[in-house]
Amino acid sequence: MSETLRCRAPAVATLQLDDAHTRVTRWDFEPGAETGWHRHGMAYVVVPVTDGTLLLELPGGATMTAELKAGVSYARVAGTEHNVVNAGAAPLAFVEIELKHLPG
């Protein structure tokens, strides 16, 4: 029995600023697009540009969803691991601000 591999389009990362203190990246997702599995090496803040629904694939196979509201920011600690997928029917975008003085 063969397993079907899921193929998603990649989200588009646009680096906006990278200095001694912060790295700012805008992420744009078409419906179904993903970041790919990654671990955050720094604490970070996310500022949604659009409303949307994220599917978060977590270590061990767990998943959860997160609702984004444009302009409503949230923060996460260094060490967060996940794959982020646009689970909605419309494009979505957010700006991620990584804090270089808070590595993990």
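Nothing in this text is a laboratory measurement; each read-out follows from the coordinates by a stated rule. Note that the structure is a prediction, hence the values are computed from the model and not measured. Using ideal geometry, Cβ is built from the backbone for each residue, glycine included, and neighbour counts are taken over all protein chains shown.
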* In a shell of Cβ-Cβ distance under 13 Å around Leu99, excluding Leu99 itself, what net charge do Lys and Arg (+1) and Asp and Glu (-1) give? -> -1
* To do: Could you list the trypsin sites (Lys or Arg not before Pro) in the chain that lie in coil according to DSSP, counting only those with at most 12 other Cβ atoms within 10 Å of their Cβ?
  => Arg6, Lys69
* Asked: Size of the dipole of the chain about the Cα centre, Lys and Arg at +1 and Asp and Glu at -1 on the beta carbon, nothing else charged, in debye to 20?
  -> 140
* Unit charges at the beta carbon, dipole of the chain: most positive-side option, Gly52, Val95, Gly79 -> Gly79
